[in-house]
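Below is one structure, written out as C-alpha cells, with a few remarks after it.
Quick note: the coordinates plus some simple rules give every number you see, no bench work behind them. Source: prediction; values computed, not measured. Methodologically, a virtual Cβ is constructed for each residue, glycine included, from the backbone with ideal geometry; neighbour enumeration extends over all protein chains shown.
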2 protein chains.
Amino acid sequence: MDKIFKALADKNRRKILTVLKNGEMSVSEILVNFEITQATLSNHLSILKKANLVLCSIRGKQRIYRLNKEILATFGQNISNFVGILEKTFTQDLGLRNKN
Amino acid sequence: MDKIFKALADKNRRKILTVLKNGEMSVSEILVNFEITQATLSNHLSILKKANLVLCSIRGKQRIYRLNKEILATFGQNISNFVGILEKTFTQDLGLRNKN
DNA sequence: TGAACATATTGATGATTATCGATATAATAT
DNA sequence: ATATTATATCGATAATCATCAATATGTTCA
C-alpha cells in the first residue's frame, strides 16, 4: 500500500495512469502527452511498475504499458473502505490493532 | 487533489487519519500512538489540515483534531471513479481533456 | 555485421521532505 | 504575576525525489 500511495503522490504519474485508461501503449506514445524527457518518463514508469499499478510487455523494440486494473480496483476498494469502515488490509498495513 | 495525494503519501499521516477514526482527539492523545516527537506530529497535522483532510478546533489549551469526513468521502469517490470511468474533477485536475 | 530505433540505466543536481531540539505562543492554574 | 501545560513554529540536517544529459542495452532491419 505504501508504494501505491507514494506512486500516486506525483501528478505526472497520476496523469500517466489516466493516459493509459485509453488503452495500452508504448513509452513514446505515452511521452507525447508530457513535457518531460524520456529518461524522466522511464523513471516514472518504473515507479508505477514497482507499485504494481502498471504492467509491461515487450513487442519488438517497444515496451507496451497498460494499467493493472486488478490492483487499481483493490486500491479503490481499500480507499472506499477507509472512508467507511476500517478495512483489514489497510489497518494491518499501518501496524495498528484492528478494532474488531 | 494534489495536496490530498501528497498528504496521504506518508505512512504516519495515514495512520493519523486511522487513529482519528476513533473520534476527535487532542494532539497529545494522538501522539501516544506514535514514536515521533511532538514537533513532527504537529507538522503532519498541519499538512493534513492544509489538505483539508482534518479539521481543528480549540478547547481550552488543547487543539482538538477530527476527520473531515466530507473531503474523505469526495476523495473516495474520485478514486472509485478513477478506477472506473474518468471523473471530471480528477481529469481536470491533471490538465487533460475530458474524453466526453 | 552494422546502423537505426526504443527504452532503460547512470550519475549529477536542485528541490522537497521528515525529522529533531529548541524556542515561541497562548491558555489555564496557582 | 508566574508557573505549568499544550501546541505551533523555527532552524538545521539528512534523506528522498524529480529531473536532466549522456550512455548503455537490446531489438530490428538493411
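A few remarks follow.
- In terms of distances greater than 18 angstrom between alpha carbons, the cross-link table entries A:11/B:6; A:6/A:49; B:15/B:49; B:15/B:61; A:15/B:69 yield B:15/B:61; A:15/B:69.
- About its Cα centre, region A:1-44 has a charge dipole of approximately 200 debye under the convention of +1 per Lys or Arg Cβ and -1 per Asp or Glu Cβ, with nothing else charged.
- For residue B:46, the point set 7 Å out from Cα toward Cβ sits 3.4 nm from its twins in the other copies, listed from shortest up.
- Anisotropy class of region B:1-90 from Cα gyration tensor, a/c 1.5 cut: prolate
- Neighbour counts of C-beta atoms inside 10 Å place A:19, A:27, B:32, B:54 in the sequence B:32, A:27, A:19, B:54, starting with the fewest.
- Extended-chain gain in nm, criterion 0.36 nm per residue less alpha-carbon gap, residue A:62 and residue A:37: 7.3 nm
- Under the shape rule built on the C-alpha gyration tensor, where the axes satisfy a ≥ b ≥ c, region B:19-66 is rounded, since a/c falls short of 1.5.
- Residue exposure sequence - A:59, B:14, A:66 - by fewest surrounding Cβ within 10 Å: A:59, A:66, B:14
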